[in-house]
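Written below as structure tokens is the structure these notes are about.
The values are calculated or read from the model by the stated rules, or taken from the named source; none is laboratory data. Remember, predicted model here, so these are calculated numbers, not experimental data. Reconstructed Cβ throughout: ideal geometry from the backbone, glycine too, with neighbour counts over all protein chains shown.
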Amino acid sequence: MIDPFFTRRTGVVSVRRFSPEYLRRTREGLWDRSTAALEPFSLPDRNRILDAGAGTGEFARVLAAESPADVVCLDADTGLLGVAREETGLNAVAGDATRPPIADGTFDLVTCQALLVNLPEPAAALRAFGGLSTDLVGAVEPDNSDVSVDSTVDSEANLERQVRAAYIEGVGTDVAMGSRLERLFRESGFGSVRSRRHYHRKVVESPYDRASLSAAARKASGAGLADHETELRRVLSADEYDALRSEWREMGRAVVDAMRAGTYRRVEVVPFDVVVGGVTDE
């Protein structure tokens, strides 16, 4: 299930804003197994890196661990940025990713993680990144259309596919950008574009942590689905939404029962496309 968000206006563009808890939960473990997909970023050779849309600094922390470079966090949300500064010890700058308050040519790598999928005009952000970098621009973006779910509750995977398809159609930004990211880089004027695919595997199994128990309870109550009601109703009729909500709650109750029995297990795999391009003189 794609997680909830709300929108706000920051000057020219509309961006999604997330809580620190959401960012920790969805990014947790993303790079724990391997950072091999980041090889095109040439991190050991970087001097100054900007993590645009850094949020609470999860990706910036990985960049700092893999590179000797000075890493700077950029985000329009000063609350998230404060968490990033406190938890990572990295420098942080408040600003819009499409209009960053930073001089051109300040970095030799400007990158982002799960930012472009949340922007109505991702190409504008890439163009801004190209001005800030003297060498490379990169991005790590999920392909939400290619998420796989395997669950011991038979109906869960199919219902999640239905909800995800309707959400993607109704959300208004390209949350399934991942597979099209390489083309976006080329169309934005970057050269020597390279791409890799990285898979984030998330497992829920006994013993269940508090976050997993809470997620199950929200399924059973319908609260999780209600977070997306606006987007879903853009695609579904009133009767279709009500029927989906009823099935969703029934599935959630089955998940809760299976957790009580200690038999519930769920594996979700989210593909992320990693793309990097070189700044050209054109």
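Of the residues in region 91-105, how many are free of Cβ contacts under 8 Å to residues at least 40 places away in the same chain and assigned to a loop (DSSP other than H, G, I, E, B)?
Narrowing region 91-105 to residues free of Cβ contacts under 8 Å to residues at least 40 places away in the same chain: 91-95, 101, 103-105.
Now narrow it down to the ones that are assigned to a loop (DSSP other than H, G, I, E, B): 95, 101, 103-105.
Going through region 91-105 one residue at a time, the tally reaches 5.
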Legend entry - VAL255, sole failed condition from (1) closer than 30 Å to LEU126 by Cα; (2) surrounded by 19 or more Cβ atoms within 10 Å (Cβ to Cβ); (3) of a type in the set (A, V, I, L, M): (1)
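Would you mind stating whether GLY172 is part of a loop (DSSP other than H, G, I, E, B), at pLDDT below 95, closer than 25 Å to GLU231 by Cα and among the small types (Gly, Ala, Ser)? Please lay out each step first, then the result.
On the way: part of a loop (DSSP other than H, G, I, E, B): yes; at pLDDT below 95: yes; closer than 25 Å to GLU231 by Cα: yes; among the small types (Gly, Ala, Ser): yes.
Yes, satisfied.
Within region 27-44, count every residue that is farther than 18 Å from VAL193 by Cα and either surrounded by fewer than 21 Cβ atoms within 10 Å (Cβ to Cβ) or not hydrophobic (A, V, I, L, M, F, W, C) (or both). Walk me through how you get there before you give the answer.
First, the residues of region 27-44 that are farther than 18 Å from VAL193 by Cα: 27-35, 44.
Still in the running and either surrounded by fewer than 21 Cβ atoms within 10 Å (Cβ to Cβ) or not hydrophobic (A, V, I, L, M, F, W, C) (or both): 27-29, 32-35, 44.
Looking only at that region, the number is 8.
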Legend entry - Among the candidates LEU159, LEU181, LEU232, residue that is surrounded by 18 or more Cβ atoms within 10 Å (Cβ to Cβ), within 19 Å of the chain's Cα centre (by Cα) and assigned to a helix (DSSP H, G or I): LEU181
Inset, instruction - Within region 244-263, identify whether any single residue is within 23 Å of the chain's Cα centre (by Cα) and more than 16 Å from PRO142 (Cα to Cα), and answer yes or no. - result: no
Legend entry - Among (1) under 20 Å from the mean Cα position of the chain (by Cα); (2) buried (at least 18 other Cβ atoms within 10 Å of the Cβ) - the single one GLU87 does not satisfy: (2)
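Going by the structure shown, is ALA215 assigned to a helix (DSSP H, G or I) and within 30 Å of ALA37 (Cα to Cα)?
Working: assigned to a helix (DSSP H, G or I): yes; within 30 Å of ALA37 (Cα to Cα): yes.
Here the answer is yes, as ALA215 does meet what is asked.
Per-residue answers, yes or no, for (1) charged (D, E, K, R); (2) in contact with a helix residue (DSSP H, G or I) (Cβ under 8 Å, 6 or more places away or on another chain); (3) surrounded by fewer than 18 Cβ atoms within 10 Å (Cβ to Cβ):
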| site | (1), (2), (3) |
| --- | --- |
| ASP96 | yes, no, no |
| VAL110 | no, yes, no |
| PRO120 | no, no, yes |
| ALA123 | no, yes, yes |
| PHE129 | no, no, no |
| LEU132 | no, no, no |
| ASP146 | yes, yes, yes |
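Of the residues ALA215, ALA226, ALA243, which single one is more than 27 Å from LEU119 (Cα to Cα) and out of contact with any Cys (no Cβ under 9 Å at 6 or more places or on another chain)? Working first, answer last.
Working: ALA215 fails: more than 27 Å from LEU119 (Cα to Cα); ALA226 fails: more than 27 Å from LEU119 (Cα to Cα).
Testing whether each residue is more than 27 Å from LEU119 (Cα to Cα) and out of contact with any Cys (no Cβ under 9 Å at 6 or more places or on another chain) leaves just ALA243.
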Inset, instruction - Would you check if there is a residue in region 185-205 being over 30 Å from ALA139 (Cα atoms), surrounded by fewer than 18 Cβ atoms within 10 Å (Cβ to Cβ) and not hydrophobic (A, V, I, L, M, F, W, C)? - result: yes
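Tell me whether region 70-77 contains one or more residues that are free of Cβ contacts under 8 Å to residues at least 24 places away in the same chain and among the acidic types (Asp, Glu).
Just the residues of region 70-77 that are free of Cβ contacts under 8 Å to residues at least 24 places away in the same chain, to begin with: 70-71, 73, 75.
Filter again for among the acidic types (Asp, Glu), leaving 70, 75.
The answer is yes, given that some residue of region 70-77 is free of Cβ contacts under 8 Å to residues at least 24 places away in the same chain and among the acidic types (Asp, Glu).
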Inset, instruction - Filter region 69-84 for residues that are part of a helix (DSSP H, G or I) and not hydroxyl-bearing (Ser, Thr, Tyr) and give the result. - result: GLY79, LEU80, LEU81, GLY82, VAL83, ALA84
Inset, instruction - Kindly list, by first and then second residue, each pair from a residue in region 140-154 that is in contact (Cβ under 8 Å) with a residue 12 or more places away in the chain and in a strand (DSSP E or B) to a residue that is surrounded by 18 or more Cβ atoms within 10 Å (Cβ to Cβ) and β-branched (Val, Ile, Thr), limited to pairs with Cβ atoms under 7 Å and residues at least 6 apart or on different chains. - result: VAL140/VAL274; GLU141/VAL117; PRO142/VAL117; PRO142/VAL270
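Quick check on region 190-211. Is at least one of its residues assigned to a helix (DSSP H, G or I) and farther than 30 Å from GLY130 by Cβ?
Looking only at region 190-211, we keep the residues that are assigned to a helix (DSSP H, G or I), and these are 210-211.
This time we only want the ones that are farther than 30 Å from GLY130 by Cβ, so: 210-211.
Taking every residue of region 190-211 in turn, at least one turns out to be assigned to a helix (DSSP H, G or I) and farther than 30 Å from GLY130 by Cβ.
State the number of residues belonging to region 253-280 that are without any contact (Cβ under 8 Å) to a residue 24 or more places away in the chain and outside any helix (DSSP H, G or I). Talk me through it step by step, then tell me what you get.
Keep residues of region 253-280 that are without any contact (Cβ under 8 Å) to a residue 24 or more places away in the chain, which gives 257, 260-261.
Filter again for outside any helix (DSSP H, G or I), leaving none.
Number satisfying all stated conditions: 0.
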